[in-house]
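In what follows, a structure is listed as structure tokens, so that the remarks can point back to it.
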Amino acid sequence: MHSILKTPSALMRRSNRKPRRTNVRWPGFLLAALLGAPVAMLAQSAEEQEQMARMLANRHAKRICSGVFLSGREAGAVVTQDHDTPTSLVDVQVNRVAGTVAVSSMGGEGMAVYRPGLGCTIAVDLSPDQLAAQANGVPLPKPLDSEVPFPLGSKVEIATPAGVDRAKLDAALDKAFSEPNPDLRRGSRGAIVVYDGEVVGERYAEGFGPDKPLIIWSMSKSLTSAWIGLLARDGKLDPMGPAPVPEWATEGDPRGAITIDQLLRMSSGLKFQEVYEAGLIDVAVMLFGESDMAHFAAAQPLEAEPDGKWSYSSGTTNILARIAKDALGGEIAPALSYLRSELLDRIGMHQTVLELDESGTAVGSSYGYSTPRDMARFGLLYLQKGLWNGERVLPEEWVEYSVTPTPLAPRQQYGAQFWLNAGDPDDPTKRRFPSVPTDAFWLSGFEGQSVVVVPSRKAVIVRLGRTIGDGAFDLDEFLADVLSALPE
């Protein structure tokens, strides 16, 4: 163990053809609206508009590909339900034999390729055949025994232990899945409540269910943190040592002083724009336009000294994912075999995948797909301080480290890729969830994904969906309603 563990249409019609780049110009405001950019940050030049159109098509292709091949949904449903885009603006070609999705939208073209065991990847520079070859040797997940009860198996029967108020719990789930405001969208798609190791509540929206993995966005960061923890356990990484990043290896590069710990705690000092309302900014360009996301993030300059500023960044997590892969030899199959055997299969997360970019690195910041049940298992692993079925998976010291507040986070709201409810040191009432105990910690993702672990209440509460609009879904209220139904 290292010391840190001891401290708190014109589409591709042939499977090998890549999308061509077009010079079609569309009104900037329309492209920006579809990418989520405010008018003040619209792309102005033809080159910028072309880049935005290409990113838009890639965004559609990736989400549709994962929705069709991982979640078993229809392409049209993904377009309308996940992107709010009129189907008349998106031309989609799904090739189920080749595992490809090609999209033409607003003058841009994009493609994503599905590989069993790997999920979907945007084709930026590689052909579908080249991407398909990356799946060689990659293990497929092991299915759970349908006769063994959750969490060790896939059999789920809703329990009502002594002290659980069934009426209150059902009412809390009813409210979470209702849509009282036509101008806002709660968008709940799946939820599960685990108390003292038993499923006491579970709900799914129409068209979704326990066997339909959904995008978990930034909750993927916590899975990446666990991956780093396993490597530290096995002596393959020193979290307190300098991060082994080739872009920083030149003598005198100040970025060479950045540690893995600082990356985990979002305190590296690297410049990175994490603004989802803008168009051509770092996080969008990285996720929808880059073939090597870790390289894109690692190439950024410092905006502060290492450990001099706390700044949330998806780029740093993708650097961590590449560090994890490199620690296991740099090849896809051994890296993912380790992740699956040491974590995912070991705790029954058989429907969970961290999808890759073209370089073969897991997009550990954002491209995880999972089910509420799988994410509940992950929450239980941390509730149990790294134990699973009586066996040690993660060191208890790593779990404690992961949920220890980062000194630079102003309200002690962040650990090592986990969010915390500790509150301001001078005023613990100033915390993210005022209605929830201060020992709570959670995974959080774009559009309202959450896994909240409350150790003092022996509870894991999972909610997946697509929330649209500020205030559309009050997570603090939902958590308070659920906890009020559980024993004190």
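The values are calculated or read from the model by the stated rules, or taken from the named source; none is laboratory data. It should be emphasised that the depicted structure is a prediction, and the values quoted were computed from it without experimental measurement. Glycine gets a Cβ as well: all are built from the backbone with ideal geometry, and neighbour counts include every protein chain shown. When the accessible area is computed, the model is the full protein with side chains, heavy atoms only, and any ligands, DNA or RNA have been set aside. Shrake-Rupley method; radii C 1.70, N 1.55, O 1.52, S 1.80 Å.
In sequence order, what are the phi-derived ³J(HN,Hα) couplings for the range 122-127 according to the Karplus relation 6.51 cos²θ - 1.76 cosθ + 1.60 with θ = phi - 60°, rounded to whole Hz, with x for glycine and proline?
Here the 3J(HN,Hα) series is 5, 7, 9, 10, 9, 7 Hz.
Say the dipole of the chain comes from +1 at the beta carbon of Lys and Arg and -1 at that of Asp and Glu; which of V148, P410, P180 then lies farthest toward its positive end?
V148
Need the C-alpha centroid separation for the range 87-124 versus the range 416-434, integer Å.
41 Å
Two decimals is fine: what's Rg over Rh for the range 163-306, C-alpha atoms, Kirkwood radius as Rh?
Working: Rg = 21.1 Å, Rh = 19.3 Å.
On the Cα set of the range 163-306, Rg over Rh gives 1.10.
Pull out the extension gain between R166 and E396, defined as 0.36 nm times the separation in residues minus the alpha carbon to alpha carbon distance; nm, one decimal.
Extending this stretch completely gives an extra 79.5 nm.
Tell me, what ³J(HN,Hα) does each residue in the range 386-402 have, in order and in whole Hz, if you take phi through Karplus 6.51 cos²θ - 1.76 cosθ + 1.60 with θ = phi - 60° and put x for Gly and Pro?
Those phi angles translate into x, 8, 9, 6, x, 10, 7, 9, 9, x, 4, 5, 5, 4, 4, 4, 4 Hz.
With the Cα gyration tensor of the range 204-286 in hand, give its eigenvalues times 5 under a square root as the equivalent ellipsoid semi-axes, listed largest first in whole angstrom.
One finds semi-axes of 31, 21, 9 Å for the range 204-286.
How big is the charge dipole of the range 218-273 about its Cα centre, in debye rounded to the nearest 20, if each Lys and Arg gets +1 on its Cβ and each Asp and Glu gets -1 on its Cβ?
Working: 6 positive and 6 negative charges, 55 e Å.
My answer is approximately 260 debye.
Please find the FRET efficiency linking D211 to L184, where r is the Cβ-Cβ separation and R0 is fixed at 22 Å, and quote it to the nearest 0.05.
0.15
Quick one: 3J(HN,Hα) in Hz for the range 186-198, Karplus 6.51/-1.76/1.60 with θ = phi - 60°, rounded, Gly and Pro as x.
Listing the rounded values in order: 5, x, 5, 10, x, 8, 8, 10, 10, 10, 6, x, 10 Hz.
Considering only protein heavy atoms, what is the solvent-accessible area of E391 at a probe of 1.4 Å, reported in Å² to the nearest 10?
It works out to around 110 Å².
Scan around V199 for amide H atoms under 5 Å from its own, H built in the peptide plane at 1.01 Å from N, and keep only partners 5 or more places away or cross-chain.
A159
Return the FRET efficiency for the residue pair D474, A77: r is the Cβ-Cβ distance, R0 is 30 Å, and the value is rounded to the nearest 0.05. Please report the intermediate quantities before stating the final value.
Numbers: r = 27 Å, r/R0 = 0.89.
Calculated transfer efficiency: 0.65.
If each residue of separation counts as 0.36 nm, what is the full-extension length gain between Y312 and D196 once their alpha-carbon separation is subtracted?
Here the answer is 38.5 nm.
So what's Rg/Rh here for the chain, counting alpha carbon atoms and using the Kirkwood radius for Rh?
0.95
For K175 and T438, calculate 0.36 nm times their separation in residues minus their Cα-Cα distance, and state this gained length in nm to one decimal. It would help to have the intermediate numbers written out before the result.
Working: separation 263, 0.36 × 263 = 94.68 nm, distance 2.45 nm.
Full extension from K175 to T438 adds 92.2 nm.
Keeping the other protein chains in place, figure out the carbon and sulfur percent of the accessible area of the chain, with a 1.4 Å probe.
Carbon plus sulfur share of accessible area: 50 percent.
In whole angstrom, note down how far apart the Cα centers of the range 195-246 and the range 345-413 are.
For the range 195-246 versus the range 345-413, the Cα centre distance is 3 Å.
Can you give me the solvent accessible area of I347 with a 1.4 Å probe, rounded to the nearest 10 Å²?
For I347, the solvent-accessible surface is approximately 0 Å².
Given T438, Q449, S341, which one lies farthest toward the positive end of the charge dipole of the range 308-453, if we put +1 on the Cβ of every Lys and Arg and -1 on the Cβ of every Asp and Glu?
T438
Please sort 435-441, 289-295, 313-319 by packing, taking for each peptide the average over its residues of neighbouring beta carbons within 10 angstrom, highest first.
Output ranking for 435-441, 289-295, 313-319: 313-319, 289-295, 435-441.
Whose amide H sits under 5 Å from the amide H of D439, counting only residues 5 or more places off or on another chain, with H placed in the peptide plane?
Amide H neighbours of D439: none.
Could you do me a favour and compute the accessible area per residue for the chain, 1.4 Å probe, result in Å²?
38 Å²
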